[in-house]
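**Student:** A single structure is presented below for examination.
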Amino acid sequence: MAGRPVKTEGVVLRSMRFGEADRILHLYTPGRGRVGAIAKGVRRSGSRFGGRLEPFSHVGLVLHEGRSDLLTVTGADAIRPHARLRTDGAALDAAARACDAVSRLFETTEPHPEVFHLLIKELALLDDGVGGVSFATHANQLAFRLKLLLAAGLAPHLSACASCGEREHLSGFSGAAGGVVCSACEAAAFPLGEEAHGFMVAAIGKPLADAPQASDRALRQAERAIGETVEHHAGTRLRPALSG
């Protein structure tokens, strides 16, 4: 209802300058999906928002619904600012890619609370890893993306051939078919090795903090499988994941 304050948690996916002192924010929320909001005067020194609306911050928000499609931020409290990851180039880059993937795959206001909780878990891992065991790895990024596909209902078929149902001789991956394919159905597929296949199965099933390791070759194959699935079934492209 117009004029009614909305209280919600959110993650700042992206922040863009607007006018002399404002910023347009892309936010991801548990109950409203991705929303746009304007933070008025946030770039002025002494702004009441301080630095609480920086990208990748997990915040408690009060939003005002007016006549515009954009909500207006009227209150913001830091829940977890993820300050450490801003001091580490790899963690910062991984956070940006994770938020970009959420923004591209879940661009509507349809609520997906599981996506919100997955995102805050990923950002917390990246923040915790600074100065210790880093989670800003290629394997972690791909595990995160596979879990996003699961939340979107686009998880690739990995237990049997996506074309004929055969459970043996799974040697390729077809984005159009939506998963692994057997040697008899691989005409339009690319080769997917056993290690890459095993990585994808384990990455979907394990917690993010326990993302399996794999060789560079296997990770490249898994990334291609994720990318082709997204292009064929979500109609978008993801930025390349980390290479190290």
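**Student:** Failed condition for Leu242, given (1) at pLDDT 95 or above; (2) not in a helix (DSSP H, G or I), with all others met?
**Tutor:** Every condition holds for Leu242 apart from (1).
**Student:** Here is a further query. Considering each of Gly66, Gly75, Gly51, Gly60 in turn, give the residue that is over 17 Å from Val115 (Cβ atoms), in contact with an Asp or Glu (Cβ under 9 Å, 6 or more places away or on another chain), surrounded by fewer than 19 Cβ atoms within 10 Å (Cβ to Cβ) and not assigned by TED's automatic domain parsing to the domain that holds Phe135.
**Tutor:** Gly60
**Student:** What's the total number of residues in the range 2-49 that are among the charged types (D, E, K, R) and on the phi > 0 side of the Ramachandran plot? Reasoning before the result, please.
**Tutor:** Of the residues in the range 2-49, the ones among the charged types (D, E, K, R) are 4, 7, 9, 14, 17, 20, 22-23, 32, 34, 40, 43-44, 48.
With on the phi > 0 side of the Ramachandran plot added as a condition, the list becomes none.
Within the range 2-49, residues that are among the charged types (D, E, K, R) and on the phi > 0 side of the Ramachandran plot number 0.
**Student:** Kindly indicate which of Leu119, Leu146, Leu85 is assigned to a helix (DSSP H, G or I) and touching a Leu at 6+ places or on another chain (Cβ under 6 Å).
**Tutor:** Criteria check complete, one pass: Leu85.
**Student:** Counting just the residues of the range 205-239 that are touching a Pro at 6+ places or on another chain (Cβ under 9 Å) and among the aliphatic types (A, V, I, L, M), which one comes out farthest from Phe144 (Cα to Cα)?
**Tutor:** This residue is Ala225.
**Student:** I'm checking my understanding of the structure. Among residues of the range 172-193 that are surrounded by fewer than 20 Cβ atoms within 10 Å (Cβ to Cβ) and in contact with a helix residue (DSSP H, G or I) (Cβ under 9 Å, 6 or more places away or on another chain), which one is farthest from Leu219 (Cα to Cα)? Write out each step before concluding.
**Tutor:** First pass over the range 172-193, keeping only residues surrounded by fewer than 20 Cβ atoms within 10 Å (Cβ to Cβ): 176, 178, 183-184, 187-188, 190-191, 193.
Restricting the remaining residues to those that are in contact with a helix residue (DSSP H, G or I) (Cβ under 9 Å, 6 or more places away or on another chain) gives 176, 178, 190-191, 193.
Values: Ala176: 20, Gly178: 18, Phe190: 14, Pro191: 13, Gly193: 10 Å.
Going through the qualifying residues, I end up with Ala176.
**Student:** Continuing with this model, one more query. Would a scan of the range 133-155 turn up a residue that is among the aromatic types (Phe, Trp, Tyr) and in contact (Cβ under 8 Å) with a residue 40 or more places away in the chain?
**Tutor:** Yes, some residue in the range 133-155 is among the aromatic types (Phe, Trp, Tyr) and in contact (Cβ under 8 Å) with a residue 40 or more places away in the chain.
**Student:** Given the residues Arg34, Arg48, Arg43, which is the only one that is in contact (Cβ under 8 Å) with a residue 60 or more places away in the chain and among the basic types (Lys, Arg)? Show your work before the answer.
**Tutor:** On the way: Arg48 fails: in contact (Cβ under 8 Å) with a residue 60 or more places away in the chain; Arg43 fails: in contact (Cβ under 8 Å) with a residue 60 or more places away in the chain.
Selected residue: Arg34, the only one of Arg34, Arg48, Arg43 that is in contact (Cβ under 8 Å) with a residue 60 or more places away in the chain and among the basic types (Lys, Arg).
**Student:** Being modelled with pLDDT under 95, crowded, with 17+ Cβ neighbours inside 10 Å and within 30 Å of Arg217 (Cβ to Cβ): is that true of Val130 here?
**Tutor:** yes
**Student:** Ok, one more. Test His138 against the stated conditions and say whether it is touching a helix residue (DSSP H, G or I) at 6+ places or on another chain (Cβ under 7 Å), buried (at least 20 other Cβ atoms within 10 Å of the Cβ) and farther than 25 Å from Arg237 by Cα.
**Tutor:** Criteria not met by His138.
**Student:** Let me ask another. Can Arg217 be described as modelled with pLDDT of 95 or more, loosely packed, with under 12 Cβ neighbours inside 10 Å and either out of contact with any helix residue (DSSP H, G or I) (no Cβ under 7 Å at 6 or more places or on another chain) or of a type in the set (Asp, Glu) (or both)?
**Tutor:** yes
The values are calculated or read from the model by the stated rules, or taken from the named source; none is laboratory data. Since this is a predicted model, take the numbers as computed values, not measurements. Every residue, glycine among them, receives a Cβ derived from its backbone with ideal geometry; neighbour counts consider all protein chains shown.
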